[in-house]
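J.: Before we start, here is the structure in question, set down as structure tokens.
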Amino acid sequence: MHVRSIFISDVHLGTRGCQAERLLDFLKDYESDNLFLIGDIIDFWAMNRGIHWTPAQNTVVQKILRRARHGQRVMLIPGNHDEAMREYDGISFGDIEVRLEHIHVTADGRRYLLLHGDEYDQVTRYHRWLAVIGDVGYNLLVRANATLSRLRRLLRRPGYWSLAGFAKSRVKHAVSFIFDFEDSLIHAVRERGLDGVICGHIHSAALRPVDGVVYVNCGDWVDSCTAVVEHHDGHLELVRSWQTMTTPAFAAAQAASTAVSPTPARGVPSGSFDNPRPAPLACHEGVIQTK
Ligand SMILES: [Mn+2]
């Protein structure tokens, strides 16, 4: 499928948790004019503790460089796990532009602020040590999830169930933390008179209108495997990798008509990726008409 733009964040290359194969499948399915990499693409934090670099992760880097070489616009917005790149704001490395943040204008003229978002996360901003401990705990959870997934495959249970996603949706503190993060970003875009924000960082994918602005989070490629795409008419869609992988016909139908309501795969708890807060406008999971 060809789309105008792809937005991905939190790939965490260099870690065991990185689901590079799923990302490669997604990139195979989606071609675009623009590719925005919204932070934590390479995880230098985790690589201080030990590098886990697979051939698939290498291929991810090669595919991205190849897209840039072939005339796609590729922009890297560094996150906190690749903050070393932040020194290079405004510089282009070959065909890849580095920006701390960027205002993207969609095909239908809406202005979205693109940034990783850790600046709006009170935990990483003021308690770096806490963020590092949280990061180690999170990695353990993700690894436990990989084991669980293998078990599910052995037992032939359909779909992909995310333990970390489930835990996040159940833990009250995590939920209020997500709310605080979203609220401060929504406040920021409203102050700046923009139509929305597209960010990452908290590994919780969302695409939701909130009082006149749109909050979009790309999710991650460690746990939920999600990306956001902008279609040629300017509408945004949240793509979940396991859905496009398992049911390509559904993905095509979903792209063709926003009126089609997806049937959640069995065993996938609703609200495990998205915020459990109800959406104020009529928009079914993942797809929103931003017009
Ligand atoms: Mn981050």
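The values are calculated or read from the model by the stated rules, or taken from the named source; none is laboratory data. In this text the structure is predicted, and so the values were computed from the model without any measurement. With ideal geometry, Cβ positions are generated from the backbone for all residues, glycine too; neighbour counts draw on all protein chains shown.
J.: Within region 41-63, track down each residue that is within 16 Å of the ligand (Cβ to nearest atom), part of a loop (DSSP other than H, G, I, E, B) and either of a type outside the set (D, E, K, R) or closer than 23 Å to residue 105 by Cα (or both).
T.: Listed by number, the list holds a single entry, 41.
J.: Kindly evaluate residue 17 against the criterion of being modelled with pLDDT under 95, outside any helix (DSSP H, G or I), under 26 Å from residue 100 (Cβ atoms) and not polar (S, T, N, Q).
T.: Numbers: modelled with pLDDT under 95: yes; outside any helix (DSSP H, G or I): yes; under 26 Å from residue 100 (Cβ atoms): yes; not polar (S, T, N, Q): yes.
Judged against the criteria, residue 17 is a match.
J.: Among the numbered criteria (1) more than 16 Å from the ligand (Cβ to nearest atom); (2) in contact with a Leu (Cβ under 8 Å, 6 or more places away or on another chain); (3) not acidic (Asp, Glu), which single criterion is violated by residue 66?
T.: (2)
J.: Can you pull out the residues in region 86-120 that are in a helix (DSSP H, G or I), within 16 Å of the ligand (Cβ to nearest atom) and surrounded by fewer than 22 Cβ atoms within 10 Å (Cβ to Cβ)?
T.: Correct list: 86, 119.
J.: If you take the residues in region 64-80 that are assigned to a loop (DSSP other than H, G, I, E, B) and surrounded by 15 or more Cβ atoms within 10 Å (Cβ to Cβ), which one is farthest from the chain's Cα centre (by Cα)?
T.: The extreme case among them is 72.
J.: When you go through 23, 13 one by one, which is the residue that is away from the ligand (no atom under 16 Å from the Cβ) and touching a helix residue (DSSP H, G or I) at 6+ places or on another chain (Cβ under 6 Å)? Spell out how you get there, then give the answer.
T.: Values: 13 fails: away from the ligand (no atom under 16 Å from the Cβ).
So the residue among 23, 13 that is away from the ligand (no atom under 16 Å from the Cβ) and touching a helix residue (DSSP H, G or I) at 6+ places or on another chain (Cβ under 6 Å) is 23.
J.: Please count how many residues of region 189-203 are part of a loop (DSSP other than H, G, I, E, B) and over 21 Å from residue 222 (Cβ atoms).
T.: The number of residues fulfilling the criteria is 4.
J.: Sticking with this one: Go through (1) on the phi > 0 side of the Ramachandran plot; (2) modelled with pLDDT of 90 or more; (3) away from the ligand (no atom under 16 Å from the Cβ) for residue 156 and report which single condition fails.
T.: (2)
J.: Please work out which residue is nearest to residue 14 (Cα to Cα), limiting yourself to region 69-85 and to residues that are out of contact with any helix residue (DSSP H, G or I) (no Cβ under 8 Å at 6 or more places or on another chain) and more than 16 Å from the ligand (Cβ to nearest atom).
T.: Of everything passing the filter in region 69-85, 75 is nearest to residue 14 (Cα to Cα).
J.: Of all residues being within 20 Å of residue 109 (Cβ to Cβ) and touching a Leu at 6+ places or on another chain (Cβ under 8 Å) in region 198-213, which is farthest from the ligand (Cβ to nearest atom)? Just the residue, please.
T.: Among those that are within 20 Å of residue 109 (Cβ to Cβ) and touching a Leu at 6+ places or on another chain (Cβ under 8 Å), it is 209.
J.: Here's another thing I want to ask about it. Taking region 189-235 as the search range and keeping residues that are of a type in the set (Ser, Thr, Tyr) and modelled with pLDDT of 95 or more, which one is surrounded by the fewest Cβ atoms within 10 Å (Cβ to Cβ)?
T.: 215
J.: Can you list residue pairs whose Cβ atoms sit under 7 Å apart, with the first residue in region 98-122 being over 19 Å from residue 209 (Cβ atoms) and free of Cβ contacts under 8 Å to residues at least 24 places away in the same chain and the second being of a type in the set (Lys, Arg) and within 14 Å of the ligand (Cβ to nearest atom)? Count only pairs 6 or more apart in sequence or on different chains.
T.: Close Cβ pairs (under 7 Å, with a partner that is of a type in the set (Lys, Arg) and within 14 Å of the ligand (Cβ to nearest atom)) amount to 100/86; 119/125.
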